[in-house]
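Let me begin by presenting the structure, written as structure tokens, before commenting on it.
The values are calculated or read from the model by the stated rules, or taken from the named source; none is laboratory data. Because the structure is a prediction, the values reported are computed rather than measured. Here the Cβ positions follow ideal geometry from the backbone for every residue, glycine too, while neighbour counts run over all protein chains shown. Keep in mind that these areas ignore ligands, DNA and RNA; they rest on the heavy atoms of the full protein, side chains included. Shrake-Rupley method; radii C 1.70, N 1.55, O 1.52, S 1.80 Å.
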Protein chains: 4
Amino acid sequence: MSINSFGHLFRFTTWGESHGPALGATVDGCPPGVSLTAPMIQQWMDKRRPGLNKNTTQRNEPDTVEILSGVFEDRTTGTPIQLMIKNTDQRSKDYGDIAMTFRPGHADITYHQKYGHRDYRGGGRSSARETAARVAAGGVARAALAQLAPQVQIKGYMTQMGTKSINPAHINWGEIDQNDFFCPDAAAAAEWEDYLAWLRKDDHNSVGAVIEVVARNVPAGLGAPIYGKLDTDLAAAMMSINAVKGVEIGEGMAAAALTGRDNADEISMGPDGPVYSSNHAGGVLGGISTGQDIVVRFAVKPTSSILSPRKSIRLDGTETEVITKGRHDPCVGIRAVPVGEAMMALVLLDHLLLDRGQTGGVRGPIG
Amino acid sequence: MSINSFGHLFRFTTWGESHGPALGATVDGCPPGVSLTAPMIQQWMDKRRPGLNKNTTQRNEPDTVEILSGVFEDRTTGTPIQLMIKNTDQRSKDYGDIAMTFRPGHADITYHQKYGHRDYRGGGRSSARETAARVAAGGVARAALAQLAPQVQIKGYMTQMGTKSINPAHINWGEIDQNDFFCPDAAAAAEWEDYLAWLRKDDHNSVGAVIEVVARNVPAGLGAPIYGKLDTDLAAAMMSINAVKGVEIGEGMAAAALTGRDNADEISMGPDGPVYSSNHAGGVLGGISTGQDIVVRFAVKPTSSILSPRKSIRLDGTETEVITKGRHDPCVGIRAVPVGEAMMALVLLDHLLLDRGQTGGVRGPIG
Amino acid sequence: MSINSFGHLFRFTTWGESHGPALGATVDGCPPGVSLTAPMIQQWMDKRRPGLNKNTTQRNEPDTVEILSGVFEDRTTGTPIQLMIKNTDQRSKDYGDIAMTFRPGHADITYHQKYGHRDYRGGGRSSARETAARVAAGGVARAALAQLAPQVQIKGYMTQMGTKSINPAHINWGEIDQNDFFCPDAAAAAEWEDYLAWLRKDDHNSVGAVIEVVARNVPAGLGAPIYGKLDTDLAAAMMSINAVKGVEIGEGMAAAALTGRDNADEISMGPDGPVYSSNHAGGVLGGISTGQDIVVRFAVKPTSSILSPRKSIRLDGTETEVITKGRHDPCVGIRAVPVGEAMMALVLLDHLLLDRGQTGGVRGPIG
Amino acid sequence: MSINSFGHLFRFTTWGESHGPALGATVDGCPPGVSLTAPMIQQWMDKRRPGLNKNTTQRNEPDTVEILSGVFEDRTTGTPIQLMIKNTDQRSKDYGDIAMTFRPGHADITYHQKYGHRDYRGGGRSSARETAARVAAGGVARAALAQLAPQVQIKGYMTQMGTKSINPAHINWGEIDQNDFFCPDAAAAAEWEDYLAWLRKDDHNSVGAVIEVVARNVPAGLGAPIYGKLDTDLAAAMMSINAVKGVEIGEGMAAAALTGRDNADEISMGPDGPVYSSNHAGGVLGGISTGQDIVVRFAVKPTSSILSPRKSIRLDGTETEVITKGRHDPCVGIRAVPVGEAMMALVLLDHLLLDRGQTGGVRGPIG
């Protein structure tokens, strides 16, 4: 199995380094006849791209996506779709001493240990720029979902920055695009603005975050026992994003503190099928979707590229202190929001096709 | 890709239902020449099997593993290893009304919705009995690791039961096998004993748990960008276990609350290579092992099979209350400990072989 | 990817050795709700099993298939189906000196070279007994095809034994089961009978064969560019059978001798869609089925296990002569007929599901 | 599994259409530290590219390969290698009526039937231009083999054009690059020259061919039972090439006519290990390499794009006659030679890595 690929039937492979000529995604298995144009993908790219505001890296990349194959007269042909994003603002000089020094908390050292030879410029393959390719691939998945399951809605947002959380009671999807943080709680967004400004300018520091991604109106029956579970694939999808250290479905880690009585999502019969009293399960039971909201959360660690000195070593084993200058995100979690949405779309489409393949989409009737 | 399989080069497929004649694992890609006997696997089965003490289900299954292929004269031949565990104590009568009623929080309803036809006896394929097959496959992985990387140690333990956590300062690996909970903290174990007795006998309830699995002395360099990351596969491995709702690597969800300065594992040079001041990363950077302890945690939800009544519906849509009699674990998290260890072993061996395949095990030198 | 597995969505893994306790197939991805019983599979096993007549090995194996999982109340549940066939007539003494001597033309030497350790009894994993597991898996595929595409007919037969070919003009499907050779030409069958008797009893020799497998009424549109082509998978399927050395689709190797004018299957419009003037293509264009008969042929080499002495070496490098006593097929091609049919069924079902997954089975209209 | 991908550990995915902006290959799993530059790949591209002489299509494509990722300072980094070849000479007007008419013997009709929507320009995805991407990927495999197994030599050549075969006794590798046909027999090449000129200019026709690819000095032990066999993968690799209708290993289809006594490659002990009296097996026993020459042959059908009229139908079902003008190869088999070599290199490298992964490259000793 290809180590830079993800997905079963709808499968993408990302390629490219931070400072190479381009990066992209090779998307295979897309249904034919799906309406798809570069602008349809670009809208998602624009949410993730750097330099949008002062809270993200000032690297200036238009992140323009080009469709090189698999689409003819604005519709997919069912053959591989190549998405290419040229790198335009590399400024390699910013990263000169990275070649010989390992940044603490960064993949510099493990890439060197594993491969012996690495593209150190801008983090090379381990750069968060790789997530641009995911968002592009996710754009294809979104387009296919729009055609195959138009009722599905996917929405991601930040619920925590550092120690500061939103008030879950104040979640308002309409608020998400009104601030620089994809924050669904206007009060929290205001507080984060001040906090991040101080952290960046005065504290020369960075901070972690929690992102929640919700998919509404996903039909019951997606996913499969036992290693192709929907939640298994969602966990893998989110954990594969740079800097992610934890993934939760529904109650997540908090499920440990619950009793069986409290955790049970009681079932009653509604006009259109089963209705649940709660959603501790996060929309997945036994690896298969229930029809409730699919709720996934993941934690992003703070970037290791900060202006504060940290102890480290050089390639030759000598000790040093590292300060990472350059243009880094004080909270990479912000730009992880569209990435999480993309991964949700990619997993859902893949499972929609898998389910259609195995079962033909037939459902056991209730009532 | 097979939906009931896991792994890349070392790959296993589990099969079987709770109340069928047998279940097992088909293990493919094992290195040849590995010492392997049924008792070597049985030792791990015995840690997971039911009925060991009053804190686990009273179903009485010896869970005897048989090796049907792939081993000759007590050594692996490099061909598929079939591991079979016969089901001996099915008592199908316990589960009679399950056929027509969906237990809240259980996969009954989603299996029905997806497949239209399911083996409802004892939960069928969705039963936690499937994890016996994982533990058997994990026994093969352990045997191979013992030969290829004998320094690697894998240890799992419970760190939380319901709202009651261990004191991390009191973790003592020697304590883990001294109590019924795989608890590394003797004081916590005593407290859990009383709590679980009350929960089971008086409260007719169940409770969740957190399990931590640590792998020591794993060489640096295992894992691969970007979708074949070591942490991606660990997250998938753990989330694929029944009832798991959250997975963490190193700091896990708590990483969100840290700043970049605090989260940096500073590096210095030791006699045998890089030494880290801390292990927030949980032994993985950029998806590749650092040589530090690999630290994974996962949360297990409380079992939905309890003696307390919960509202639900029947196949015909009518509403009902469900009480699950029968022999269920009040805290399934306990028996998830050897399962988590097995998944760790399976992922590590797979990545050891993958790495050897791609890189030949060559490492970039430091110092 | 698992090296002992075959298929994409409908995927099976075979396991087991000639003289171990059992062998079988783990079948994953079967659609749910398919009628399936052990006798339904057994009918195909009985066509392949040894000892049926004097022209096949006299090893006496009932080859009784047991379904251990994935089927409930005689219908598939969509979960893995484990098929087990116990070995009952091993007579290991027949194979005593095989441990130390390599038979020319046999996998003894390559298994030893690759793995260093092998189950030499009866050829171990390299024995043609493995094909029993394929036929069992093929029985599942046949059952699923019977439900999803009941119009599809699959028929295999021998067209050549040694230098003696059938007369293609005399092919009569009704004749195939009337002789010991799955020969569709009664006159050829009579001739083969005498030839094989002489070869076996007087010449102490064995002989090769060509098998043709035809699938009728396969819908247009199965297969996919470019590496998941229908013909690619058929070629892999047939070449994976023991002793096969060549595979042809339609004209096969003879296509080289044709001109473009002669090779063109001209198209006209029939009442139900396109009609072709000929079928040089063997039912596949661009890797996708045309709706014409799928025609595959493969050549089986003569078995290397013969009573005539051949020069070889021992494990210690010393030279020797090998005579293989025991119970061997004078023409293994005979029993390869049901195996080829099974592989055809397995590939077709897999592609039917793959196509349904990606395209939903929608077809571009003509006319 | 990705339908446009090939390989297990070393895996490539091709993308792109004949008349799109570009096509290419995404190569994953390459060992790190391999010397690789664009000119190293270009040398193989130049053997396949069109317009080299009057015997191939006059389409003028430089087929310049660009490396977009995975290589840093002229060495591979172990991350995905993106190879892009821009299309420069599309002349879409040549193909105008293809949109509405199906060429007999061409994938036009099956692509339409399967996908409902296709890029008809120049055959789109089904064009033999896709093989440029294979040759590029093969160039990476060649570079890796040069480092990991420098003794391996791969050579392809045509052995038959139409009904005209070479004399096997006259095979001379030195002759192969001395004529327009990759023909190893100078006398045959001269005859083919006249024949093809007549066929192209006077007969307005095309013709098929047989190509043989040989790999020398491949170590014993590559390949794996039972579905990951070396010959299974070679058969799939060759059958996946456009227009291939048959694949043979060693004796191939002719093995059917042999007896066991004649087919046995007798073994004796040489100074460096086993020595064989003949190579009927084509270097593969039980799916595993023996150390002898790997010998693969495949038949390429004549192209269906000819100037002679053939009966066909239009999209609307009306009948018509098709004459394909444009720039087509009178014998596509010629340019299939470097493609077959590329596929051989890709399969061998993949199996070298697979074997190293599973066995560590340890070999059972003989003598």
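Each principal axis of the Cα cloud of segment C:33-165 was taken in turn, and the coordinate range along them, longest first, works out to 50, 39, 27 Å. Approximating the spin labels as points 7 Å out from Cα along Cα→Cβ, the C:Asp180-to-B:Arg216 distance works out to 6.7 nm. Taking 27 Å as the limit for the C-alpha separation, the pairs C:Lys201/C:Lys301; A:Lys114/D:Lys155; C:Lys155/D:Lys164; A:Lys54/A:Lys245; A:Lys164/A:Lys201 exceed it in the case of A:Lys114/D:Lys155; C:Lys155/D:Lys164. The order of B:Met269, D:Met239 by accessible area, most exposed first and with a 1.4 Å probe, is B:Met269, D:Met239. Axis between B and D by rotation; chain B residue with nearest Cβ and distance in whole Å recorded as B:Gly357, 1. In a reduced charge model with +1 at each Lys and Arg Cβ and -1 at each Asp and Glu Cβ, the protein assembly as shown shows a dipole moment near 0 debye about its Cα centre.
For C:Lys325, a cut-off of 12 angstrom between C-alpha atoms picks up these aspartates and glutamates, skipping any fewer than 8 places away in its own chain: C:Asp94, C:Asp97. In whole angstrom, segment B:34-85 maps to an equivalent ellipsoid with semi-axes of 27, 10, 7, each derived as √(5λ) from the alpha carbon gyration tensor and ordered largest first.
Using the Cα centre as the reference, give the magnitude of the dipole from point charges on the C-beta atoms of segment C:161-223 (Lys, Arg: +1; Asp, Glu: -1; all else neutral), rounded to the nearest 20 debye.
240 debye
Sorted shortest first, the separations between the A:Asp97 label point and its copies elsewhere in the assembly read 7.1, 7.3, 7.5 nm; each point sits 7 Å from Cα along the Cα-to-Cβ line. Note on segment A:118-194: Rg/Rh from C-alpha atoms, Kirkwood Rh, equals 1.10. Which one of C:Gly123, C:Val135, C:His328 has its Cα pushed farthest toward the positive end of the charge dipole of chain C, where Lys and Arg give +1 and Asp and Glu give -1 at the Cβ? Value computed over the given set: C:Gly123. Eigen-decomposition of the gyration tensor built on the alpha-carbon atoms of segment D:1-59 gives equivalent ellipsoid semi-axes of 26, 18, 10 angstrom, largest listed first.
Please report, as a whole percent, how much of the solvent-accessible surface of segment A:111-242 comes from carbon and sulfur atoms (probe radius 1.4 Å). Walk me through the numbers before you get to the answer.
On the way: 1730 of 3790 Å².
Here it works out to 46 percent.
Pairwise Cα distances in segment B:282-340 exceed 20 Å in 55 percent of cases. Each 20 Å bin from zero up to the one holding the largest Cα-Cα distance in chain B carries the following percent of pairs: 28, 57, 15, 0. Dipole size of segment D:14-60 about its Cα centre, with +1 on Lys/Arg Cβ and -1 on Asp/Glu Cβ: approximately 320 debye, rounded to the nearest 20. A full extension of the chain between B:Ala99 and B:Leu148 corresponds to an added length of 12.9 nm, given 0.36 nm per residue minus the alpha carbon distance. Plainly put, the tip 7 Å out from Cα toward Cβ on A:Gly361 is 1.0, 5.1, 5.1 nm from that tip on each other copy, the closest given first. With its label point put 7 Å out from Cα toward Cβ, B:Lys164 sits 3.9, 8.2, 9.0 nm from the same residue's point in the other copies, in order from shortest.
For segment A:234-243, 3J(HN,Hα) computed residue by residue from phi via the Karplus equation (6.51, -1.76, 1.60; θ = phi - 60°) reads 5, 5, 4, 4, 6, 5, 6, 6, 3, 6 Hz, glycine and proline entered as x.
Size of segment C:230-298 from its Cα atoms: along the principal axes, largest to smallest, the extents are 42, 27, 15 Å. Highest mobility in the GNM of chain D, judged by mean-square fluctuation with C-alpha springs under 10 Å and restricted to D:Asn242, D:Asn263, D:Asn205, is found for D:Asn263.
Using the Cα coordinates of segment A:211-265, the gyration tensor eigenvalues translate into equivalent-ellipsoid semi-axes of 20, 17, 12 Å, sorted from longest to shortest. Kirkwood analysis of the protein assembly as shown, using all unique Cα-Cα pairs, places the hydrodynamic radius at 32.5 Å. Summarised in one figure, the compactness ratio Rg/Rh of segment C:212-367, Cα atoms and Kirkwood Rh, is 1.13.
Every Cα-Cα pair of segment A:93-243 was included, and the share exceeding 26 Å stands at 47 percent. Helix D:186-201 and the longest principal axis of the Cα set of chain D meet at an angle near 20°. Across A:Gly16, A:Gly116, A:Gly250, mean-square fluctuation computed from a Gaussian network of chain A (C-alpha pairs under 10 Å connected) peaks at A:Gly116. Both radii are taken from the alpha-carbon atoms of segment B:76-152; with Rh as the Kirkwood radius, Rg/Rh is 1.15.
What is the angle, in °, between the Cα long axis of helix A:38-48 and the longest principal axis of the Cα atoms in chain A? Nearest 10 is fine, range 0 to 90. Relative to chain A, helix A:38-48 is tipped by roughly 60 degrees.
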